[in-house]
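Here the structure is laid out as structure tokens; the discussion comes afterwards.
The values are calculated or read from the model by the stated rules, or taken from the named source; none is laboratory data. All figures in this text were calculated on a predicted structure; none of them were measured in a lab. All Cβ positions, glycine included, derive from the backbone under ideal geometry; neighbour counts span all protein chains shown.
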Amino acid sequence: MVVHAYYPLNEPRVSREAEALVRAGYDVDVVCLRDEGEPAYERHRGVDIHRLPVRIDKRSLGHQLLSYANFLARASVHLTGAHRRDPYRTVQVHNLPDFLVFCAVAPKLSGTPVLLDLHDLMPEFFAGRFGSGVKRPLAALVRAQERLACRFADHVITVSHAWREQLIGRGVPAEHCSVVMNVADDRIFGPRPRRPASAPGFRLVYHGQLTHRYGLDLAVRAVAALRDEIPGIHLTVHGRGDAVGELTALVDELELHSAVELNPPIPAEALPDMIAGADLGVVPYRDDVFTDGLVPTKLMEYGAVGIPCVAARTTAITTYFTDTMTELFTPGDLDDLIAKIRELHDDRDRLDRLAARSRRFNERYRWADVQAAYVALVTRLGTGTPGAKWEPAEPVAVTSSPPGSPAATRSPRRDHRRGRTRAGARASTTH
């Protein structure tokens, strides 16, 4: 697998896919970025991690593009050499950027199938971050590179049914496009005892990427607005991203050091107990063309652990979650977010109902089923085994009552040991 990101802590999707292949008997390589203090090579949970001397650089759009280009060049050389020494059976590349898939040119020319994993739709990502206007010519290039990348890949996977339909509408053949949802890992996330209603204060939690479009500043401002009404209100954040400086400055400005805690990411295995120590999860997305299509994994993980959540009322979230499963607020509307948090604090019965019903998504969409379908897809691509293609289920919002819905992973390669197939994974995804 190839991914323009730091692995494994910052790439749960890549790590879950890589480890699913390891459990299925594959050898997996992940090629990724190398952060300060990280070794160039490491073996983690059966995955061989190869880190290249490139780091994320978001000082400007130009610096970010240079980071992409640098990693593309180095990953191409690394992948070509590794494939020459021991040919891969499949190669999986994770976006962003989409054009990272071209690091697999050498394996592709030798007949190795290439799988492109679109964590994000790059045209929407670009539009949400930069808008239109002066960067309009660059937006056209972003759309063009997506088309070329999808044509180059033998198969495309993405994270939601809505995004699959968009990709098909842009010309990706339906039979070459599948969904691997970012659902909660049921080996890790399961019910935990809830925080007692008699416990002091009111604790909020968020974990994941910290960027402006995800609205963490709204959550911080909501805590500031409610701290006199709700004694002991507290927000715990675990994550990293380009909004860390902005959030730190905001906490200083509002003098919230005792009410808001900004922490680095923690391993997935430590998340359930951390989540269970909160009264309410928050997913405070802003409203833009990109966030409107995201289905947040953290929302599923809060439900799996058994805590209620307040989340932005986006198209993607309301496709899978109803207002009987999570408290929905208008995206980007601070006043509405404040009102919803206040209402949930004052109405413990609704908080309990949401906690009980939030698990229903995970009863329908289980990682055990998703990973089995994913491994079957990789195996079919790598072996050329004929058979019925995997068709993803239709998106149906889960309701509380009956309705009336790389990192790039290197393709498996033949290992000289008896009965083994090798899958390599490269990591190059910037989030």
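General observations
- Residue that is nearest to Glu229 (Cα to Cα), among those in segment 321-342 that are among the hydroxyl-bearing types (Ser, Thr, Tyr) and surrounded by fewer than 24 Cβ atoms within 10 Å (Cβ to Cβ): Thr330
- Filter result for the condition that a residue is touching a Ser or Thr at 6+ places or on another chain (Cβ under 8 Å) and under 18 Å from Leu96 (Cα atoms), over Val28, Val2: Val2
- Residue within segment 184-195 that is part of a helix (DSSP H, G or I) and over 16 Å from the mean Cα position of the chain (by Cα) present: no
- Matching residues, segment 196-208, being surrounded by fewer than 12 Cβ atoms within 10 Å (Cβ to Cβ) and either in contact with a helix residue (DSSP H, G or I) (Cβ under 8 Å, 6 or more places away or on another chain) or assigned to a strand (DSSP E or B) (or both): Ala197
- Of all residues assigned to segment 378-400, none qualifies as being within 28 Å of Arg213 (Cβ to Cβ), in a helix (DSSP H, G or I), at pLDDT 85 or above and out of contact with any strand residue (DSSP E or B) (no Cβ under 6 Å at 6 or more places or on another chain).
- Count of residues meeting criterion [under 28 Å from the mean Cα position of the chain (by Cα) and outside any helix (DSSP H, G or I)] in segment 243-258: 1
- Neighbours by Cβ (under 9 Å, 6+ apart or cross-chain): first from segment 49-74, assigned to a strand (DSSP E or B) and crowded, with 20+ Cβ neighbours inside 10 Å; second of a type in the set (Phe, Trp, Tyr) and at pLDDT 90 or above: Ile49/Tyr7; Ile49/Tyr41; His50/Tyr41; Leu52/Phe71
- Count of segment 215-242 residues, restricted to those that are in a loop (DSSP other than H, G, I, E, B) and farther than 30 Å from Arg59 by Cβ, is 6.
- Residue check, Leu262 within 29 Å of Met122 (Cβ to Cβ), assigned to a strand (DSSP E or B) and among the aliphatic types (A, V, I, L, M): yes
- Test result for Glu229, at positive phi and at pLDDT 95 or above: no
Yes or no, residue by residue, for (1) under 26 Å from Pro265 (Cα atoms); (2) out of contact with any helix residue (DSSP H, G or I) (no Cβ under 6 Å at 6 or more places or on another chain); (3) not in a loop (DSSP other than H, G, I, E, B):
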| site | (1), (2), (3) |
| --- | --- |
| Arg286 | yes, no, no |
| Glu301 | yes, yes, yes |
| Ile317 | yes, yes, yes |
| Asp323 | no, yes, no |
| Gly332 | yes, yes, no |
| Leu337 | yes, no, yes |
